[in-house]
Amino acid sequence: MLELKNIHKYYNPGTLNEMCLFSNFSLTVGDGDFVSIIGSNGSGKTSLLNIICGNIPIESGTIEIHGKNITNEKDFRRYARIGRVFQNPAMGTCPSMTILENMSIADNKGQSYNLRRGTNKKRIDAYREMLSQLNLGLENKMDTKVGALSGGQRQAMALLMSTMTPIEFLILDEHTAALDPKTADLIMELTDKIVKEKHLTTMMVTHNLRYAVEYGNRLIMMHQGECVIDRSGSEKAALSVDDLLTEFNQISIECGN
């Protein structure tokens with residue numbers, strides 16, 4: 001279980017541009033939950049992910065995983081149990097290295113690097129088997145540099161690589177936003193397959209309302225650092241894209257837009 005308790009987060013504290021994004025914000029995510037997070041720009045979606053991953057500090061409050069306080073734990077230690085896929089396909093892979101080399105790096109996540117060979121030839125068949133499940137033909141391109149792949153192929157690799165080692169949480173930061181609709185659909189199908197097979201607790205920020213409705217067992221809409229909608233189970237299943245658009249429009253009117 002992931003728990004955020006009474007989180008306070010300020011940007012530019014002590015300046016004329018000081019902004020309080022989260023004030024006494026709390027959120028609990030249960031084991032195995034797949035949470036879709038939507039909201040307008042600046043609502044706090046990506047900041048929430050960054051706080052969970054330890055990429056930005058908080059002024060006060062606590063972050064707990066299974067009851068253990070990790071508020072002051074460094075981000076690299078948190079990533080031992082967290083896999084993250086970003087919006088930009090280039091951020092999850094190394095373009096100047098081959099598919100084999102990228103897979104080897106992901107396979108060694110959390111282990112010490114020394115003078116051993118960078119790739120383990122005994123694992124090549126296993127890598128090919130993993131890649132074949134993507135149905136993109138990448139298993140036959142092990143010596144191809146990742147920079148030569150399409151954005152969709154790279155994002156599929158990034159998703160696979162982020163979940164190769166045992167993790168508890170999968171963080172998806174608009175991971176289909178830079179892709180064409182057909183490729184985005186493919187990545188979402190792959191995401192759902194991996195999440196279910198590995199029983200991962202997942203948090204997905206997306207601007208695609210259809211994906212937010214169709215995937216996951218819980219949906220959160222954020223606005224100005226608060227959860228204005230939090231539906232799960234049958235309540236979430238009953239939501240439609242039109243319902244969410246209506247809520248977005250209402251918020252826009254209230255904000256004077």
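The values are calculated or read from the model by the stated rules, or taken from the named source; none is laboratory data. Keep in mind the model is a prediction, meaning the values are calculated, not measured. Note: ideal-geometry Cβ built from the backbone for every residue, glycine included; neighbour counts use all protein chains shown. Surface areas here come from the heavy atoms of the whole protein model, side chains and all, with no ligands, DNA or RNA. Shrake-Rupley method; radii C 1.70, N 1.55, O 1.52, S 1.80 Å.
From the list MET19, MET103, MET97, pick out the single residue that is without any contact (Cβ under 8 Å) to a residue 60 or more places away in the chain and closer than 30 Å to ASP125 by Cα. Let's see the steps before the verdict.
Numbers: MET19 fails: closer than 30 Å to ASP125 by Cα; MET103 fails: without any contact (Cβ under 8 Å) to a residue 60 or more places away in the chain.
Only one candidate passes the filter, namely MET97.
Just name the residue that is farthest from ASN249 (Cα to Cα) out of those in region 1-60 that are polar (S, T, N, Q), open to solvent by less than 70 Å² (accessible area, probe 1.4 Å) and part of a strand (DSSP E or B). Walk me through how you get there before you give the answer.
Restricting attention to region 1-60, the residues satisfying the condition of being polar (S, T, N, Q) are 6, 12, 15, 17, 23-24, 26, 28, 36, 40-41, 43, 46-47, 50, 55, 60.
Right, trim to open to solvent by less than 70 Å² (accessible area, probe 1.4 Å) and you get 26, 28, 36, 40, 43, 46-47, 50, 55, 60.
Still in the list and also part of a strand (DSSP E or B): 26, 28, 36, 60.
Values: SER26: 25, THR28: 27, SER36: 19, SER60: 33 Å.
That would be SER60.
Of everything in region 220-236, what is open to solvent by 80 Å² or more (accessible area, probe 1.4 Å) and more than 17 Å from THR28 (Cβ to Cβ)? Give them in sequence order.
At the first step, the residues of region 220-236 found to be open to solvent by 80 Å² or more (accessible area, probe 1.4 Å) are 224, 226, 231, 234-235.
Result: GLN224, SER234.
All but one of (1) within 26 Å of TYR10 (Cα to Cα); (2) more than 13 Å from the chain's Cα centre (by Cα); (3) of a type in the set (Asp, Glu) hold for ASP173; which doesn't?
The number of the failed condition is (2).
Residue check: is GLU254 modelled with pLDDT under 95, over 13 Å from the mean Cα position of the chain (by Cα) and open to solvent by 60 Å² or more (accessible area, probe 1.4 Å)? Spell out how you get there, then give the answer.
Details: modelled with pLDDT under 95: yes; over 13 Å from the mean Cα position of the chain (by Cα): yes; open to solvent by 60 Å² or more (accessible area, probe 1.4 Å): yes.
In short, yes.
For the list (1) surrounded by 22 or more Cβ atoms within 10 Å (Cβ to Cβ); (2) among the hydrophobic types (A, V, I, L, M, F, W, C); (3) over 14 Å from LEU100 (Cβ atoms), I need the number of the one condition that PHE169 fails.
The single condition PHE169 does not satisfy is (1).
Say we look at region 108-133 and pick out the residues that are surrounded by 11 or more Cβ atoms within 10 Å (Cβ to Cβ) and at pLDDT 90 or above; which of these is farthest from ILE194 (Cα to Cα)?
So in region 108-133, the residues surrounded by 11 or more Cβ atoms within 10 Å (Cβ to Cβ) come out as 108-110, 118-120, 123-124, 126-128, 130-133.
Imposing the further condition that a residue be at pLDDT 90 or above reduces the set to 124, 126-128, 130-132.
Values: ILE124: 21, ALA126: 16, TYR127: 16, ARG128: 17, MET130: 11, LEU131: 13, SER132: 14 Å.
The residue in question is ILE124.
Which one of these is in contact with a Leu (Cβ under 7 Å, 6 or more places away or on another chain), farther than 22 Å from ILE187 by Cα and among the polar types (S, T, N, Q): SER26, SER43, SER60?
On the way: SER43 fails: in contact with a Leu (Cβ under 7 Å, 6 or more places away or on another chain); SER60 fails: in contact with a Leu (Cβ under 7 Å, 6 or more places away or on another chain).
From the options SER26, SER43, SER60, the qualifying one is SER26.
List the pairs whose first member sits in region 197-225 and is under 19 Å from ALA238 (Cβ atoms), whose second member is of a type in the set (A, V, I, L, M, F, W, C) and surrounded by fewer than 20 Cβ atoms within 10 Å (Cβ to Cβ), and whose Cβ atoms are under 6 Å apart, counting only residues at least 6 apart or on separate chains?
LEU209/VAL241; LEU209/LEU244; ARG210/VAL241; VAL213/LEU239; VAL213/VAL241; ILE220/CYS227; MET221/VAL228; MET221/ILE229
Test GLU235 against the stated conditions and say whether it is free of Cβ contacts under 8 Å to residues at least 12 places away in the same chain and either among the aromatic types (Phe, Trp, Tyr) or at negative phi (or both). Give the derivation first.
Values: free of Cβ contacts under 8 Å to residues at least 12 places away in the same chain: yes; either among the aromatic types (Phe, Trp, Tyr) or at negative phi (or both): yes.
Yes.
Considering only region 175-219, how many residues are in a helix (DSSP H, G or I), closer than 22 Å to LEU245 by Cβ and either among the hydrophobic types (A, V, I, L, M, F, W, C) or open to solvent by 30 Å² or more (accessible area, probe 1.4 Å) (or both)?
Narrowing region 175-219 to residues in a helix (DSSP H, G or I): 181-198, 209-214.
Now narrow it down to the ones that are closer than 22 Å to LEU245 by Cβ: 181, 184-185, 188, 209-214.
Filter once more, keeping what is either among the hydrophobic types (A, V, I, L, M, F, W, C) or open to solvent by 30 Å² or more (accessible area, probe 1.4 Å) (or both): 181, 184-185, 188, 209-210, 212-214.
Within region 175-219, residues that are in a helix (DSSP H, G or I), closer than 22 Å to LEU245 by Cβ and either among the hydrophobic types (A, V, I, L, M, F, W, C) or open to solvent by 30 Å² or more (accessible area, probe 1.4 Å) (or both) number 9.
For the list (1) touching a helix residue (DSSP H, G or I) at 6+ places or on another chain (Cβ under 8 Å); (2) at pLDDT below 95, I need the number of the one condition that ILE38 fails.
Of (1) touching a helix residue (DSSP H, G or I) at 6+ places or on another chain (Cβ under 8 Å); (2) at pLDDT below 95, only one is false for ILE38: (2).
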